[in-house]
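Novice: The structure is given below, and queries will be raised subsequently.
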Amino acid sequence: MSQSGKNGLTYSDAGVDIDAGNLMVEKIKPAVKSTRRPGADGEIGGFGGLFDLKAAGFTDPVLVAANDGVGTKLKIAIDADRHDTVGIDLVAMCVNDLVVQGAEPLFFLDYFATGKLDADQGAAIVGGIAAGCLEAGCALIGGETAEMPGMYSSGDYDLAGFAVGAAERGQLLPSDNIEAGDVILGLASSGVHSNGFSLVRKIVELSGLSWDAPAPFAEGKTLGEALLTPTRIYVKPLLKVIRDTGAIKALAHITGGGFPENIPRVLPKTLAAEIDLASIAVPPVFSWLSATGGVAANEMLRTFNCGVGMIVVVPADKADTVSAALADAGETVFPLGRMVERSEGAPGTVYKGTLAL
């Protein structure tokens, strides 16, 4: 007996378009291929990505892994319909966490989930991921595209990234000889990076501005374009200076939790980082966010990077050498503070001076 209307269903009728997925894979192949490096020579499309540590030049490596997402910055990309840079953010958030441990990023995997797959949108996102991988020197060796109708609202998508790096045994950071008097250097951020965007979006809502309005803090850019400035990738300059000087004792990536949460993660319990807030050239975006949202300086420091994307701990007598090497490698570097003794129960980050908001 026929059950009219219930026979002949296809996966496409359920909202999943296999053809769109296949088309996207074809579109991203050139971008993926551009990220090849020693150790990674395979084509995407297999069940797993391969990496040869020996071919990458390692003899006795320790592997280091990190994963992250882009957070609600994705909502701005979706609302502003600009999808070519969030992939850079995805890579940056993972590989910057690897380099702080002295590891060279080797390969990257991505997870892209959406309610309805748009092959062009997906290709733009993966193009950004490939661009980030190229900048970090790691190979994009695989990923997953998941079309899940009913899980995501129309137009929404999410991204997750997974990076693996390596360091020769005995060369991981932080070192065990950090001491009071060591100098803390700051590396400038490119803007908000990929943290605090739930607060950013709340402030934009309060401002009444649309994503295509001129950005009040960035001449010649729309608000959406300015806020989507991708996270800076610090990998190549830091690896070069770590290897050339041998003087870097610790690094901290300033992400969610800002200064008070991230800096103590790499310090002994007996030491604190004394940060001179007056030494930070605060980018205009943070001044605008603070003023428009009435956000206090302490809240800014625990939510945003406030202009400092990475901190570097070095011996006082090597501070000038390391600063010069980082500047030569393309970083904007400035003295940020010093290591001081910490009494039991005291915070791991202390401040002097005032943040120029």
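Novice: Can you give me the long-range amide H partners of Ala166? Hydrogens built in the peptide plane at 1.01 Å from N, cutoff under 5 Å, separation of 5 or more residues or another chain.
Specialist: Placed amide hydrogens put Val64, Glu104, Leu106 under 5 Å from Ala166.
Novice: Further question: Per-residue ellipticity at 222 nm for the chain, helices alone: DSSP H runs ≥ 4 residues times -39500 (n - 2.57), over residue total, nearest 500 deg cm²/dmol? Could you put the intermediate results ahead of the total?
Specialist: Details: 11 runs with 115 residues, N = 357.
For the chain, the value works out to -9500 deg cm²/dmol.
Novice: In the chain, with Lys and Arg counted as +1 and Asp and Glu as -1 at Cβ, which of these residues, Thr229, Ala65, Ala324, has the Cα nearest the positive end of the dipole, that is, farthest along it?
Specialist: Result: Ala324.
Novice: Once you've got the Cα coordinates, tell me which of Lys73/Lys269; Lys33/Lys236; Lys75/Lys202; Lys75/Lys221 are over 22 Å apart. Show your work: numbers first, answer last.
Specialist: Values: Lys73/Lys269 34 Å; Lys33/Lys236 20 Å; Lys75/Lys202 12 Å; Lys75/Lys221 18 Å.
Result: Lys73/Lys269 exceed 22 Å.
Novice: At most 11 other C-beta atoms within 10 Å and a DSSP loop state: those are the exposed trypsin sites (Lys or Arg not before Pro) I care about. Give me the longest piece of the chain that has none. Provide the component values of the computation, followed by the final result.
Specialist: Numbers: sites that count: Lys6, Lys54, Arg169, Lys269.
Between exposed loop sites, the widest span is 55-168.
Novice: Separate question: Compute the relative contact order of the chain as a whole-number percentage, counting only Cα pairs closer than 8 Å that sit 6 or more residues apart in sequence. Walk me through the intermediate numbers first.
Specialist: Values: 757 pairs, mean separation 73.6, N = 357.
Relative CO of the chain lands at 21 percent.
Novice: Another question, then. Mind jotting down the distance between the C-alpha centroids of region 48-88 and region 240-254, whole Å?
Specialist: Cα centroid to Cα centroid, the span is 21 Å.
Novice: Could you give the size of the charge dipole of the chain about its Cα centre, using +1 on the Cβ of each K and R and -1 on the Cβ of each D and E, expressed in debye and rounded to the nearest 20?
Specialist: Values: 27 positive and 42 negative charges, 75 e Å.
Dipole of the chain, to the nearest 20 debye: 360 debye.
Novice: Nearest 20 debye, what's the magnitude of the dipole of region 20-176 about its Cα centre given +1 on Lys and Arg Cβ and -1 on Asp and Glu Cβ? Please report the intermediate quantities before stating the final value.
Specialist: Values: 11 positive and 22 negative charges, 47 e Å.
Roughly 220 debye for region 20-176.
Novice: Run down the lysines and flag those whose C-alpha is under 16 Å from the C-alpha of Lys318, throwing out any fewer than 8 positions away in its chain.
Specialist: Lys240, Lys249
Novice: Putting +1 on Lys and Arg Cβ atoms and -1 on Asp and Glu Cβ atoms, find which of Pro284, Met339, Met300 reaches farthest to the positive end of the dipole of region 284-357.
Specialist: Projecting each Cα onto the dipole axis, the largest value belongs to Met300.
Novice: Next question. How much of the accessible area of the chain, in percent, comes from carbon and sulfur atoms when a 1.4 Å probe is used?
Specialist: Working: 8370 of 16370 Å².
C and S atoms contribute 51 percent here.
Novice: Just name one of Phe107, His193, Ala139: the one whose Cα is farthest towards the positive end of the charge dipole of region 78-223 (beta-carbon charges, Lys/Arg +1, Asp/Glu -1).
Specialist: His193
Novice: Mind giving me the nanometre distance, one decimal, between the label points for Lys352 and Arg169, set 7 Å out from Cα along Cα→Cβ?
Specialist: The modelled label-to-label distance comes out at 4.3 nm.
Novice: Relative contact order of region 197-326, please, whole-number percent, based on alpha carbon pairs below 8 angstrom and at least 6 residues apart.
Specialist: 31 percent
Novice: Just to be sure I understand, if you calculate Kirkwood radius over Cα pairs in Å for this structure, which of [x] 21.2; [y] 21.7; [z] 24.2 do you get?
Specialist: Computed from these coordinates, Kirkwood radius over Cα pairs in Å corresponds to label [y].
Novice: Roughly how big is region 155-286's charge dipole about its Cα centre, with Cβ charges of +1 (Lys, Arg) and -1 (Asp, Glu), in debye to the nearest 20? Walk me through the intermediate numbers first.
Specialist: Numbers: 11 positive and 14 negative charges, 57 e Å.
So the dipole magnitude of region 155-286 works out to roughly 280 debye.
The values are calculated or read from the model by the stated rules, or taken from the named source; none is laboratory data. All of these numbers come straight from a predicted model, not from anything done at the bench. Every residue, glycine among them, receives a Cβ derived from its backbone with ideal geometry; neighbour counts consider all protein chains shown. Quick note on the areas: whole protein, heavy atoms, side chains included, nothing else; ligands and nucleic acids left out. Shrake-Rupley method; radii C 1.70, N 1.55, O 1.52, S 1.80 Å.
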